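The values are calculated or read from the model by the stated rules, or taken from the named source; none is laboratory data. Computed from a prediction, not measured in an experiment: that's the story for all the values here. All Cβ positions, glycine included, derive from the backbone under ideal geometry; neighbour counts span all protein chains shown. Ligands, DNA and RNA are stripped out before the accessible areas are found, and what is left, the full protein with its side chains, is counted by its heavy atoms. Shrake-Rupley method; radii C 1.70, N 1.55, O 1.52, S 1.80 Å.
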Amino acid sequence: MRRARTLNGILGIVSMAGGASAQTLGANLVVNGDAETGTMDPWTPTDQLQVTPSSGPGSLGLPGGVSIGDWCFAGVLGSAVERCEQTIDLGALASQIDGEGLVCEFSALVQDRVAGGGADVMRLRLRFLDTGGGELGLLQLTDPSAPNGVFDWNEVSAIGFLPVGTRALLCEMETSRNAGSSTDAFADNISAVLAEPCEADITRDGRVNTNDFFAFLTIYQAGDPGADFTGEGDINTNDFFAFLAFYQGCAG
Ligand SMILES: [Ca+2]
Ligand SMILES: [Ca+2]
Ligand SMILES: [Ca+2]
Ligand SMILES: [Ca+2]
């Protein structure tokens, strides 16, 4: 049986009645993910990647209305492979993560550079950690398009449910260099946002699409308790229409 949801739940709008949770959901949890402090704080270790003026990567490929501000992240000088990270504590959200579940969207701008056949590469990872620091899963972002000599930004994102037991996020930046002394791979606008899942996300992958429609039909026809969207213990056409309302509110 499903817990009846409010319209706020349908639309994915965060209730403000949940204290710390309400402030956390819907907000970017990555601190200084846009490099605009002009420093690496709070990324550690601080002697790895660097903030660099945004004139370096330029603005080619930026989506309309998206700005990289004055600074972005880059490997620049240093080791051929450089890595830094920050940890985001989710202890206050434990009951939600292990109960109804929370969806996490990880997004950023990335720019790899390929010149002369070699690639300088930026990799962003968001690892889902348990209380002991063990990894339960991850989301990863890379530049999907880096033609030789074309130095453009790509906006990338990945979404997924936080595994039960997730208590922290570990956000990592890693660059690797093909040759020379400077790594020309960039990142900016790094964001990790948590949200309540849509009730119509039957497949629990963070997205609502026709896969969920067919998954609902399957459990509906099978009389599965998960199809009881009205929550009264019976499965009938009212549940079908209740599912449709959630589906139409979330699909897209
Ligand atoms: Ca920036
Ligand atoms: Ca690119
Ligand atoms: Ca889905
Ligand atoms: Ca029902």
Meets criteria (in contact with a helix residue (DSSP H, G or I) (Cβ under 9 Å, 6 or more places away or on another chain), open to solvent by 80 Å² or more (accessible area, probe 1.4 Å) and at pLDDT below 95) for residue 7
yes
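With the condition kept exactly as written, say whether any residue in region 140-163 is β-branched (Val, Ile, Thr), touching a Leu at 6+ places or on another chain (Cβ under 8 Å) and surrounded by fewer than 15 Cβ atoms within 10 Å (Cβ to Cβ). Before the answer, list the steps.
So in region 140-163, the residues β-branched (Val, Ile, Thr) come out as 142, 150, 156, 159.
From what's left, touching a Leu at 6+ places or on another chain (Cβ under 8 Å): 142, 150, 156, 159.
Filter once more, keeping what is surrounded by fewer than 15 Cβ atoms within 10 Å (Cβ to Cβ): 150.
Within region 140-163 (the criterion being β-branched (Val, Ile, Thr), touching a Leu at 6+ places or on another chain (Cβ under 8 Å) and surrounded by fewer than 15 Cβ atoms within 10 Å (Cβ to Cβ)), the answer is yes, since at least one residue qualifies.
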Residues that are farther than 26 Å from residue 203 by Cα and within 14 Å of ligand 1 (Cβ to nearest atom): does region 85-93 have at least one?
no
Return the residues of region 164-200 that are farther than 30 Å from residue 113 by Cα and in contact (Cβ under 8 Å) with a residue 60 or more places away in the chain; say none if nothing qualifies.
164, 165, 166, 167, 168, 194, 195, 196, 197, 198, 199
Just wondering, is there one or more residues in region 13-25 that are modelled with pLDDT of 90 or more and open to solvent by 60 Å² or more (accessible area, probe 1.4 Å)?
no
For region 95-121, what are the residues that are loosely packed, with under 14 Cβ neighbours inside 10 Å and assigned to a helix (DSSP H, G or I)?
95
Restricting attention to region 53-74, which residues are crowded, with 17+ Cβ neighbours inside 10 Å and more than 22 Å from the chain's Cα centre (by Cα)?
54, 57
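Name the single residue, out of those in region 177-236 being of a type outside the set (Val, Ile, Thr) and within 16 Å of ligand 2 (Cβ to nearest atom), that is most open to solvent (accessible area, probe 1.4 Å). I'd like the intermediate steps shown before the answer.
If we filter region 177-236 for residues that are of a type outside the set (Val, Ile, Thr), which is where we start, we get 177-182, 184-189, 191-192, 194-201, 204-207, 209, 211-217, 220-229, 231-234, 236.
Narrowing the set further to residues that are within 16 Å of ligand 2 (Cβ to nearest atom) leaves 178, 184-189.
Working: 178: 87, 184: 59, 185: 0, 186: 12, 187: 0, 188: 0, 189: 50 Å².
The qualifying residue most open to solvent (accessible area, probe 1.4 Å) is 178.
Tell me which residues, restricted to region 118-140, are away from ligand 1 (no atom under 16 Å from the Cβ) and either touching a residue at least 40 places away in the same chain (Cβ under 8 Å) or within 19 Å of residue 155 (Cβ to Cβ) (or both).
The initial filter retains those residues of region 118-140 that are away from ligand 1 (no atom under 16 Å from the Cβ), namely 118-121, 123, 125-140.
Answer for region 118-140, where residues must be away from ligand 1 (no atom under 16 Å from the Cβ) and either touching a residue at least 40 places away in the same chain (Cβ under 8 Å) or within 19 Å of residue 155 (Cβ to Cβ) (or both): 118, 119, 120, 121, 123, 125, 126, 127, 128, 129, 139, 140.
Could you identify the single residue in 165, 206, 233, 180 that is within 16 Å of ligand 3 (Cβ to nearest atom) and not basic (Lys, Arg)?
On the way: 165 fails: within 16 Å of ligand 3 (Cβ to nearest atom); 233 fails: within 16 Å of ligand 3 (Cβ to nearest atom); 180 fails: within 16 Å of ligand 3 (Cβ to nearest atom).
After ruling out the rest, the residue left standing is 206.
Okay, residues lined up against (1) among the small types (Gly, Ala, Ser); (2) farther than 30 Å from residue 46 by Cα; (3) within 16 Å of ligand 4 (Cβ to nearest atom); (4) not assigned by TED's automatic domain parsing to the domain that holds residue 69:
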position: 145; (1), (2), (3), (4): yes, no, no, no
position: 165; (1), (2), (3), (4): yes, no, no, no
position: 175; (1), (2), (3), (4): no, no, no, no
position: 184; (1), (2), (3), (4): no, no, no, no
position: 190; (1), (2), (3), (4): no, no, no, no
position: 203; (1), (2), (3), (4): no, yes, no, yes
position: 219; (1), (2), (3), (4): no, yes, yes, yes
